[in-house]
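Presented below is the structure to which this report refers.
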Amino acid sequence: MTTAIIALNVVVFALQLLSHYFGKDGVTSALWYVPTYSLADGTHQVAAGALPGYPDGAYLNAEFQPWRMLTVMFTHSVGFLPHILFNMLALYMFGRNLEQLIGKWRFLVLYLFAGIGGSLGVMLWGYADTTGLFTPTVGASGAIFGVLAATVVAFKSMNANVTSLIVLLAINFGIGFMPGANISWQAHLGGMVVGALTMWVIVQTRGPRLKTRQIVGLSVVGALLVALSCAFLVVSPL
C-alpha cells in the first residue's frame with residue numbers, strides 16, 4: 001500500500017509538471033485545496049474589516065467542493081522539487097514499517113484520515129485568520145506527519161524508546177514556523193492529531209476478539225472528520 005501511494009503521488013506530480021509547463025497549472029488547481037471550497041454554494045457577505053484591503057466588506061462567490069480535502073494530499077509544489085522528495089522519502093522510511101505493523105488496509109485508512117486531518121487543520125484555522133481562507137494548499141505533508149505521529153503512538157504502546165522520533169517530529173514541525181518557509185504548519189498539526197488518534201484506536205482495539213470494536217472506533221473517527229469538514233456549513237468563518 002505504501003508503494004502504491006508513493007506511485008500515485010509521483011504520477012500526479014508528473015501530471016502537475018506537464019500542466020505547469022504546457023497547461024497553465026490546470027492539474028494543480030483542479031486538485032489543490034482552498035478553505036473557501038468548504039463554504040456552502042452561493043454568495044457570502046464578508047464582514048467589514050475581515051479581509052485586508054476591504055474595510056467596507058465584500059462579497060464572495062463560493063463553490064462547495066469537499067473532495068478537494070482528499071485530492072490535495074496527492075499534490076506537491078512544482079516549484080520546489082525537494083517538497084515531493086522529502087515527503088516520499090519519509091513515507092518510504094516510516095510508512096512501510098507502520099504498514100507491516102498494522103496491515104495495509106488499516107494503514108490506508110490511517111493515511112487518508114491523517115490527510116483529511118491536514119486539510120481540516122488548514123480549514124479550521126480560517127476561524128482564527130480569515131486571510132488564510134483564500135490561500136491554496138498542496139502536498140501530502142498532513143498525511144506524512146500523521147504517519148510519523150502514528151508511529152510514535154505504535155512504538156510507545158510497545159514500550160519502545162520514541163525520544164528520537166519525537167525530536168525529529170518536533171524539529172520538522174518547527175520548520176513550518178520559520179519566516180519565509182511557506183509551509184502550512186496547520187496541515188502538519190491537523191495530520192499529527194488525527195494520525196495519532198487513529199493509531200490510538202487501532203492500538204486499543206488490536207486482536208481478533210476486538211475486531212468489531214475496532215471497526216466501530218474507526219467509523220466514529222471517520223464520522224467525526226466528516227462532521228468537522230462540514231463546519232463551515234453550520235458556522236461561517238466570514
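The values are calculated or read from the model by the stated rules, or taken from the named source; none is laboratory data. As the structure is a prediction and not an experimental result, all values here were calculated from the model. In this analysis, Cβ positions are derived from the backbone assuming ideal geometry, glycine residues included, and neighbour counts consider all displayed protein chains. The area values use the complete protein model at the heavy-atom level, side chains included, leaving out ligands, DNA and RNA. Shrake-Rupley method; radii C 1.70, N 1.55, O 1.52, S 1.80 Å.
Per-structure values
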read-out	value
Subset of the stretch 125-141 [more than 12 Å from the chain's Cα centre (by Cα) and either touching a residue at least 60 places away in the same chain (Cβ under 8 Å) or crowded, with 24+ Cβ neighbours inside 10 Å (or both)]	Trp125, Gly126, Tyr127, Thr130, Thr131, Gly132, Leu133, Phe134, Thr135, Pro136
When residues of the stretch 79-96 are limited to those that are touching a Ser or Thr at 6+ places or on another chain (Cβ under 7 Å) and open to solvent by less than 60 Å² (accessible area, probe 1.4 Å), the one farthest from Val11 (Cα to Cα)	Phe94
Single residue of the stretch 97-113 satisfying the filter (in a helix (DSSP H, G or I) and more than 19 Å from the chain's Cα centre (by Cα)) that is surrounded by the most Cβ atoms within 10 Å (Cβ to Cβ)	Ile102
Sole exception among (1) free of Cβ contacts under 8 Å to residues at least 24 places away in the same chain; (2) under 24 Å from Gly95 (Cα atoms) for Phe22, by number	(2)
Any hit, the stretch 51-65, residues being assigned to a helix (DSSP H, G or I), at pLDDT 90 or above and open to solvent by 20 Å² or more (accessible area, probe 1.4 Å)	no
Test: residue in the stretch 7-14 that is open to solvent by 50 Å² or more (accessible area, probe 1.4 Å), of a type outside the set (A, V, I, L, M, F, W, C) and at pLDDT 90 or above	no
The one condition in (1) over 23 Å from Gly79 (Cβ atoms); (2) of a type in the set (Gly, Ala, Ser); (3) in contact with a Lys or Arg (Cβ under 9 Å, 6 or more places away or on another chain) that Ser119 fails to fulfil	(1)
Complete set of residues in the stretch 217-238 that are exposed (fewer than 12 other Cβ atoms within 10 Å of the Cβ) and either basic (Lys, Arg) or modelled with pLDDT under 95 (or both)	Val234, Val235
Qualifying residue in the stretch 31-48 (condition: within 16 Å of the chain's Cα centre (by Cα), at pLDDT below 90 and open to solvent by 60 Å² or more (accessible area, probe 1.4 Å))	no
Qualifying residue in the stretch 164-187 (condition: crowded, with 17+ Cβ neighbours inside 10 Å, among the β-branched types (Val, Ile, Thr) and either in a helix (DSSP H, G or I) or out of contact with any Phe, Trp or Tyr (no Cβ under 6 Å at 6 or more places or on another chain) (or both))	yes
Test: Phe74 is under 23 Å from Thr198 (Cβ atoms), open to solvent by 20 Å² or more (accessible area, probe 1.4 Å), of a type in the set (Phe, Trp, Tyr) and in contact (Cβ under 8 Å) with a residue 40 or more places away in the chain	yes
Of all residues in the stretch 142-163 being among the small types (Gly, Ala, Ser) and open to solvent by 20 Å² or more (accessible area, probe 1.4 Å), the one that is modelled with the lowest pLDDT	Ala160
Of residues in the stretch 188-216 being open to solvent by 20 Å² or more (accessible area, probe 1.4 Å) and among the small types (Gly, Ala, Ser), the one modelled with the highest pLDDT	Ala196
